[in-house]
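Since the structure comes first, as structure tokens, the remarks are kept for the end.
The values are calculated or read from the model by the stated rules, or taken from the named source; none is laboratory data. In this text, all values refer to a predicted model and were calculated from it rather than measured experimentally. When the accessible area is computed, the model is the full protein with side chains, heavy atoms only, and any ligands, DNA or RNA have been set aside. Shrake-Rupley method; radii C 1.70, N 1.55, O 1.52, S 1.80 Å.
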Amino acid sequence: QLCCCQYSFDTDASTNATISYFTSPGFPSTVRHSFSTALSLEVRDDVDQILVEFVAFELPAGPEGCTDGDFIEVIAPTAAGGILGPGNSRFCGLNTDQHFYLDVNPGDVIIFKAVLSGVGFVPFKEEPSKKNKKNWHFRTGSSRFELKITQILKPISMDGMMNEFYKFAINNMTTEISEAFKNWDSKNYLKNSLDPYHLNGFCGEIPEYYHELRAPAHCLQFYSETRGTFQNFNFDGKTCMPPNLDYTICFDQPDKFCGLTLSALEFDIPTRDPKCMSGEKYSSDGMFPCCTAGFVGRYGAVNPKQVQKYLG
């Protein structure tokens with residue numbers, strides 16, 4: 001009989017579960033009061049990547065991105081400079097069905113910090129006055145979120161499986177048998193006599209589920225479907241894009257497929273500076289990035305002189 005448990009947390013907690021859920025209090029009901037909480041995730045020894053899926057995510061967002069009163073921040077040692085870009089690791093707005101990957105190291109502690117200001121007047125920058133009323137707004141909507149956090153097991157080779165099996169065998173034998181086992185060429189004998197199926201349980205054969213979840217290294221987002229849509233974080237048709245964005249979105253190329261076509265459903269990204277209009281520069285005066293991208297070939301070949309320009 002198969003027994004399955006779901007590890008779900010809505011208050012300050014820590015976990016090392018392979019799959020965990022971080023939710024707002026009382027989810028799926030919405031929250032109207034202010035609160036803050038955090039979940040600490042300890043990365044397992046056999047994990048090198050995590051996937052965070054926004055099952056439901058409905059938080060307010062300010063005119064310039066996330067405010068100091070409403071956000072979920074992800075703090076990770078491998079992305080200390082920012083997950084979305086320099087100094088930017090906060091999520092807000094509408095992100096239901098979004099996701100992101102993080103490359104991690106065994107033993108890392110990833111912190112998910114949630115802060116909500118509740119319904120009422122929410123300050124942006126300064127105290128309200130006749131001149132700066134725009135810096136305050138009254139938020140009437142409720143909030144809720146549910147994040148699914150999956151630790152993706154590292155791939156293991158046949159040699160790695162054999163080493164794990166060998167260590168298990170040595171550690172579970174009597175001293176006399178253990179010494180005889182070491183002196184005998186047991187590794188090669190076992191390697192030639194057993195297939196991975198028989199090693200299951202000793203070496204932790206990776207379930208196919210985790211193989212299918214894995215993304216290429218350094219991809220914040222990864223899409224394996226042959227067709228679909230993707231969008232920026234916080235997208236709701238009116239909220240501006242988060243500031244300081246600098247991350248990679250990757251697309252899988254299945255066998256017998258030779259290309260990729262993109263069609264804009266909604267696209268509005270400013271050039272920021274007239275000097276960017278030609279498409280020949282990556283940045284204006286070496287400071288402000290232009291809306292351009294260097295060419296990257298299928299096998300990783302980079303041509304910085306060949307520029308693709310995307311203007312909204």
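Which three numbers, in whole Å and largest first, are the semi-axes of the equivalent ellipsoid of region 79-120 derived from its Cα gyration tensor as √(5λ)? Could the numbers behind the result be given before it?
Working: eigenvalues 105, 34, 28 Å².
Whole-Å semi-axes of the equivalent ellipsoid: 23, 13, 12.
Just the number, please: carbon plus sulfur as a percent of the accessible area of region 1-56, 1.4 Å probe, no ligands or DNA/RNA counted.
Carbon-and-sulfur percentage of accessible area, whole number: 47.
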